[in-house]
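The values are calculated or read from the model by the stated rules, or taken from the named source; none is laboratory data. For clarity, every value in this text was computed on a predicted model and none was experimentally measured. Here Cβ is always computed from backbone atoms with ideal geometry, including for glycine, and neighbour counts include all displayed protein chains. With ligands, DNA and RNA removed, areas are computed over all heavy atoms of the protein, side chains included. Shrake-Rupley method; radii C 1.70, N 1.55, O 1.52, S 1.80 Å.
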Amino acid sequence: MHNTQRLSLTLSAIAMSLALSACTRIETGEVGLRINFDKTTDPTERLPGTFNQTLIGDIITFKIQDVAVAVDNMTPLASDNSTIKDFDMTVVYNINPAAVSELWTTKNKTFHGMSDKDILLMQNYVALSARNAAYKVAREYESLKMADNRPIIEQKIRENIIKTLTEEKLAEKITVSQIQVRAITPADIIVASANELVRAQNELKTKEVEVQTAKKEAERIAALNANAGAIGYMNAMANLKIAEGVAAGKVNTIVVPYDFKGIVNAK
């Protein structure tokens, strides 16, 4: 009896071990769907925290929270008809858990992406919508002004994606939470032209300063020349006053410059 109990316990442990090893636990941020042995999909979503046996059939998991999709190497046309050399952005979106089964079974499989272990529902679809939105919004701005308007561009791209989702009746199933434009690089020829314009403007400002300086110097010299006659007149008047003072006996002492060449009568 003792051996029978021991065998029973051993078999129970083995059975439990097999049962646990043949289970998949749905983690936070994921939703699972059961694929039956006949390859059909059970429409009931398996929510986070649940254990699901995979001894018969299989469980596939979908990442639904904060799915990031990079949309890189775009070359949209700006409003000045120049082509942006590089436009990169990241879109972050979430999937309504209750819509996982419908999106998986009714949408084209090419709409979805794949991570190391999870299916990324509608990742490729969102990427395509984001790309179209970026090309549309970029057309509203000059290439050299896009970087300064980055927050507004991000907002407009998000609004355009939401509009597309609404038109496709997907707005309640897919939520775009964030757009991050990571790089905006204008064409090389546009950058070169802008640098040349700045150089020319700086040269013009330098020449304007030189002209203003020369003009002020000319005015200064003209003022000095105009005042030369006035200074001579003032000296003559001063000498006249001295002479009058001497004649009137009011001046007893006169300071004569060392190079004085005139005639002074002393009485």
State all residues of the range 108-118 that are closer than 15 Å to residue 30 by Cβ and either in contact with a helix residue (DSSP H, G or I) (Cβ under 6 Å, 6 or more places away or on another chain) or open to solvent by less than 70 Å² (accessible area, probe 1.4 Å) (or both); if no residue qualifies, say none. 112, 113, 115, 118
Long-range neighbours under 7 Å by Cβ, at least six apart or interchain, first residue outside any loop (DSSP other than H, G, I, E, B) within the range 30-48, second open to solvent by 80 Å² or more (accessible area, probe 1.4 Å): 31/47
From 92, 67, 100, which residue is in contact with an Asp or Glu (Cβ under 6 Å, 6 or more places away or on another chain) and under 28 Å from residue 23 (Cα atoms)? 100
Which condition from (1) at pLDDT 90 or above; (2) farther than 30 Å from residue 143 by Cβ is the one that residue 56 breaks? (1)
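Give the residue that is farthest from residue 43 (Cα to Cα), with candidates limited to residues of the range 102-137 that are β-branched (Val, Ile, Thr) and touching a Ser or Thr at 6+ places or on another chain (Cβ under 8 Å).
Only one residue fits best here, namely 119.
Every residue, every condition in (1) without any contact (Cβ under 8 Å) to a residue 40 or more places away in the chain; (2) open to solvent by less than 80 Å² (accessible area, probe 1.4 Å); (3) β-branched (Val, Ile, Thr); (4) not assigned by the TED database to the domain that holds residue 182, yes or no:
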| residue | (1), (2), (3), (4) |
| --- | --- |
| 120 | no, yes, no, no |
| 132 | yes, no, no, no |
| 153 | yes, yes, yes, no |
| 158 | yes, no, no, no |
Scan of the range 163-173 for residues that are open to solvent by 60 Å² or more (accessible area, probe 1.4 Å) and at negative phi, ordered by number: 163, 166, 167, 168, 172
Considering the range 14-41, residues that are within 42 Å of the chain's Cα centre (by Cα) and among the acidic types (Asp, Glu), and then whichever is modelled with the highest pLDDT, we arrive at 30
